[in-house]
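Novice: Below is one structure. I have some questions about it.
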Amino acid sequence: ETGVTQTPRHLVMGMTNKKSLKCEQHLGHNAMYWYKQSAKKPLELMFVYNFKEQTENNSVPSRFSPECPNSSHLFLHLHTLQPEDSALYLCASSQEDRNGNTIYFGEGSWLTVV
Amino acid sequence: QKEVEQDPGPLSVPEGAIVSLNCTYSNSAFQYFMWYRQYSRKGPELLMYTYSSGNKEDGRFTAQVDKSSKYISLFIRDSQPSDSATYLCAMSETGGGNKLTFGTGTQLKVEL
């Protein structure tokens, strides 16, 4: 149990489908993140939310749409994805403070786009 | 040149061996250094967290940072098959969660 829970763990979707990934953190943190992990590549930061406000969007295509209704929940809405979007999508959270911090990841959602 | 370089492996060692995993980096402003362990089909798990140069030990694991050489290491003593995983290094200037730069990960296999 990592304190960050992601659902679903596995998802297969067609290019015309609409689906959502869900993340919930039980650590009392004030920041949440979406990362993409593809084979042989470093983790790619997609979105950052601090106190449920989006503070960073790393040039992510609009077919990925995040939503953060409160500081404990984060969604990633998916629509008209491409096969190259197949990857492990990781949610993470952290407590932002002046003394440095690090992030804690969920187990990830394995996405396959067919 | 990548900001963080990490040999992808795979690295295969016998049980009980001492394992050395390494990352080099180019940004001299990095001050916070982390190691994550990622089992197959799981999310990364924080293993070690260090600030600035020096060593930090936790059980069988030792993290070492040499800022002058821009080089960090993770040592695993008495390696076990359960240590078989991918090890990711990560680092940042300010410690902020949104400013982490990750390596690609080194795959480690500890064999019986």
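Novice: Which is more than 13 Å from chain A (Cβ to nearest Cβ) and touching a Phe, Trp or Tyr at 6+ places or on another chain (Cβ under 8 Å), of B:GLN80, B:GLN64? Working first, answer last.
Specialist: Values: B:GLN80 fails: touching a Phe, Trp or Tyr at 6+ places or on another chain (Cβ under 8 Å).
Unique residue meeting the criteria: B:GLN64.
Novice: Mind checking which residues of the range B:51-103 are without any contact (Cβ under 8 Å) to a residue 40 or more places away in the chain and under 11 Å from the mean Cα position of the chain (by Cα)?
Specialist: B:PHE61, B:THR62, B:ALA63, B:GLN64, B:VAL65
Novice: For the range A:61-89, which residues satisfy the criterion of being in a strand (DSSP E or B) and not hydrophobic (A, V, I, L, M, F, W, C)?
Specialist: Initial filter on the range A:61-89 (in a strand (DSSP E or B)): A:64-70, A:73-79, A:87-89.
A:SER65, A:PRO66, A:GLU67, A:PRO69, A:ASN70, A:HIS73, A:HIS77, A:HIS79, A:TYR89 - these are the residues of the range A:61-89 that are in a strand (DSSP E or B) and not hydrophobic (A, V, I, L, M, F, W, C).
Novice: Just to be sure, is A:SER93 of a type in the set (Ser, Thr, Tyr) and either surrounded by fewer than 22 Cβ atoms within 10 Å (Cβ to Cβ) or more than 10 Å from chain B (Cβ to nearest Cβ) (or both)?
Specialist: Working: of a type in the set (Ser, Thr, Tyr): yes; either surrounded by fewer than 22 Cβ atoms within 10 Å (Cβ to Cβ) or more than 10 Å from chain B (Cβ to nearest Cβ) (or both): no.
Criteria not met by A:SER93.
Novice: Could you list, in sequence order, all residues of the range A:10-22 that are exposed (fewer than 14 other Cβ atoms within 10 Å of the Cβ) and within 14 Å of chain B (Cβ to nearest Cβ)? Can you show your working first?
Specialist: Of all residues in the range A:10-22, those exposed (fewer than 14 other Cβ atoms within 10 Å of the Cβ) come to A:10, A:12, A:14-16, A:18.
The answer is A:HIS10, and nothing else.
Novice: What residue, among those in the range B:24-47 that are surrounded by fewer than 21 Cβ atoms within 10 Å (Cβ to Cβ) and hydrophobic (A, V, I, L, M, F, W, C), is nearest to the other protein chains (Cβ to nearest Cβ)?
Specialist: Checking each candidate, the answer is B:LEU46.
Novice: Let me ask something additional. So which of B:ARG37, B:ARG60, B:ARG77, B:ARG41 ends up being at pLDDT 95 or above and within 22 Å of A:ALA87 (Cβ to Cβ)?
Specialist: Among B:ARG37, B:ARG60, B:ARG77, B:ARG41, only B:ARG37 is at pLDDT 95 or above and within 22 Å of A:ALA87 (Cβ to Cβ).
Novice: State whether one or more residues within the range A:39-48 are surrounded by fewer than 13 Cβ atoms within 10 Å (Cβ to Cβ) and of a type in the set (A, V, I, L, M). Walk me through it before giving the result.
Specialist: Step one: list which residues in the range A:39-48 are surrounded by fewer than 13 Cβ atoms within 10 Å (Cβ to Cβ), which gives A:39-41.
Checking the rest, the ones that are also of a type in the set (A, V, I, L, M) come to A:39.
Scanning the range A:39-48 turns up at least one residue that is surrounded by fewer than 13 Cβ atoms within 10 Å (Cβ to Cβ) and of a type in the set (A, V, I, L, M).
The values are calculated or read from the model by the stated rules, or taken from the named source; none is laboratory data. Because the structure is predicted, anything quoted here is derived from the model rather than measured. Note that each Cβ is placed from the backbone with ideal geometry, even for glycine, and that neighbours are counted across all protein chains shown.
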